[in-house]
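Colleague: Before I ask anything, here is the structure I am working with.
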Amino acid sequence: MNYSVTGSAAAHSPLEAAPCLQPAWELLRSRQDWLRSPLFPVSFSLGVYLLFCLPYVALDLLAARLPCLRRYKIQAQNQPNLKVMAACVGRTLYNHLLYIFPLSLAHWYWRPVLLPASAPGLGRLLLDIIACLLLFDFQYFVWHLLHHRVPWLYRTFHKVHHKYTATFALTTEHSGAWETLSLGFFAAVNPVILRCHPLTELSFFVCNIWLSVEDHSGYDFPWSTHRLVPFGLYGGAPHHDLHHMKFKTNYAPYFTHWDKLLGTCSTRHSKSQ
């Protein structure tokens with residue numbers, strides 16, 4: 001989380017006025033010893049991920065008995081059990097302890113966290129989050145397409161993530177080391193490339209984790225993100241669930257423009273399949 005402002009341009013930009021975010025930023029800075037700890041990145045990503053998965057885990061357990069919930073399940077005939085969920089959690093813990101934590105230690109040693117006194121403007125924060133999401137969406141699309149079009153890449157690295165053809169929240173991070181590190185690298189480097197404020201970086205991580213979990217949730221609710229974004233610009237859970245069913249379609253994680261441009265977009269989804 002490095003951040004620097006050169007000159008006085010940022011201070012005079014209306015996007016950088018930050019009265020509404022300053023109290024929250026000062027509260028975070030009061031805990032900067034924890035933010036700078038090598039334990040923070042791994043505990044933050046794991047804690048946020050499991051927190052976002054919990055409501056969907058509860059829904060999956062309840063949907064088996066409540067038809068009113070099952071009607072929102074994209075593949076209603078497929079319900080994960082506790083054994084399958086535990087296996088996914090185990091793989092997530094394994095990846096965090098064996099791969100992400102050592103990288104957090106290396107980052108802590110070679111690139112100390114710098115926390116500026118001022119918060120970013122709300123407009124700048126929102127624009128930077130959108131920019132990070134769009135950049136991540138493109139990076140993941142290219143990575144994902146290659147790992148499906150090149151058989152060796154699929155068999156060696158990406159096949160682990162496709163163990164389950166019916167998605168549920170805990171499949172989000174059911175992946176091998178290479179995929180975990182690749183996508184983690186994209187998410188970590190984008191705020192650096194775009195020179196984002198540390199608060200923006202944290203907000204992007206939270207947003208990115210939430211959207212990933214929702215994508216894999218297997219539920220299509222009236223308030224789901226893809227229903228709130230107009231013009232079919234965002235695919236959401238139905239878009240990604242169809243990818244897990246058919247494999248050769250819908251490679252972008254969030255938005256639909258790359259799949260539409262390259263002819264890999266599919267919107268048809270049959271709950272009876």
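Readers should treat all values here as calculations from the given coordinates under stated rules, not as data from a laboratory. None of these values were measured; they are calculated from a predicted model. Backbone-built Cβ (ideal geometry, glycine too); neighbour counts: all protein chains shown.
Colleague: Once you put a point 7 Å from the Cα of LEU153 and another 7 Å from the Cα of TRP108, both along the Cβ direction, what distance in nm separates them?
Modeller: 3.4
Colleague: Next question, about the same structure. Which far-off residues, 5 or more places away or on another chain, put their amide H under 5 Å from the one on ASN250, with H placed in the peptide plane?
Modeller: Answer set, sorted by chain and number: CYS265, SER266.
Colleague: Between beta-carbons, use under 15 Å as the cut-off and find the net charge around LEU61, counting Lys and Arg +1, Asp and Glu -1.
Modeller: The answer is +3.
Colleague: Another question, if that's okay. Hey, can you grab everything whose amide H is under 5 Å from the amide H of TYR219? Only 5+ residues off in sequence or another chain; H modelled, so Pro and N-termini drop out.
Modeller: ILE74
Colleague: Same structure again: If each residue of separation counts as 0.36 nm, what is the full-extension length gain between VAL206 and LEU82 once their alpha-carbon separation is subtracted?
Modeller: Here the answer is 42.1 nm.
Colleague: Per residue of the chain, what 222 nm ellipticity follows from adding -39500 (n - 2.57) for every DSSP H run with n ≥ 4, rounded to the nearest 500?
Modeller: So the helix-based figure for the chain works out to -17500 deg cm²/dmol.
Colleague: Where does each of TYR99, TYR49 land when they are ranked from fewest to most other beta-carbon atoms within 10 angstrom?
Modeller: Taking fewest neighbouring Cβ atoms as first place, the list is TYR99, TYR49.
Colleague: Same structure again: If the chain between LEU127 and SER37 were fully stretched, how many nm would it gain, using 0.36 nm times the residue separation less the Cα-Cα distance?
Modeller: Computed gain between LEU127 and SER37 is 29.6 nm.
Colleague: Taking Rh as the Kirkwood radius, which is the inverse of the mean 1/r over Cα pairs, what is the Rg/Rh value for region 65-142?
Modeller: Reported Rg/Rh, Kirkwood definition of Rh: 1.14.
Colleague: Enumerate lysine pairs in the chain that are 8 or more residues apart or on different chains, then count those whose Cα atoms are under 15 Å apart.
Modeller: Eligible lysine pairs with Cα atoms under 15 Å apart amount to 7.
Colleague: Okay, next question. Count charges around ASP259 for me, please; just the other residues with Cβ under 12 Å from its Cβ, Lys/Arg as +1, Asp/Glu as -1.
Modeller: +1
Colleague: What FRET efficiency comes out for the pair ALA64/ARG195, r = Cβ-Cβ distance, R0 = 45 Å, nearest 0.05?
Modeller: With R0 = 45 Å, the Cβ-Cβ based efficiency is 0.40.
Colleague: Turning to a different aspect of this structure: Cut-off is 10 Å between beta-carbons; in what order do SER37, SER45 appear when sorted fewest neighbours first?
Modeller: Fewest-to-most ranking of SER37, SER45: SER37, SER45.
Colleague: Tell me the Rg and the Dmax, in Å, that the Cα atoms of region 98-146 produce.
Modeller: Final numbers for Rg and Dmax: 15.5, 42 Å.
Colleague: Subtract the Cα-Cα distance of ARG71 and LEU28 from 0.36 nm times their separation in residues, and report this length gain in nm to one decimal.
Modeller: Length gained, ARG71 through LEU28: 11.4 nm.
Colleague: Another one. Taking neighbour counts of Cβ atoms within 10 Å as a proxy for exposure, in what order, fewest first, do LEU51, LEU69 appear?
Modeller: Least crowded to most crowded, the residues run LEU51, LEU69.
Colleague: So how far apart, in nm, are the two label points at LEU145 and LEU97 if each is 7 Å from Cα heading toward Cβ?
Modeller: Distance between label points: 3.9 nm.
Colleague: Let me check I've understood the local charge: for LEU35, count other residues with C-beta under 13 angstrom from its C-beta, Lys and Arg +1, Asp and Glu -1. What total comes out?
Modeller: Surrounding charge for LEU35 is 0.
Colleague: Suppose we look only past 17 Å in the calculated P(r) of region 206-273. What percent of the Cα-Cα pairs does that tail hold?
Modeller: Cα-Cα pairs of region 206-273 separated by over 17 Å account for 36 percent.
Colleague: Express in whole angstrom the spacing between the alpha-carbon centres of region 185-233 and region 58-79.
Modeller: 25
Colleague: If you don't mind, another one. Mean 1/r over all different Cα pairs, inverted: what Kirkwood radius does the chain give, in Å?
Modeller: Every distinct Cα pair counted, the radius reaches 19.9 Å.
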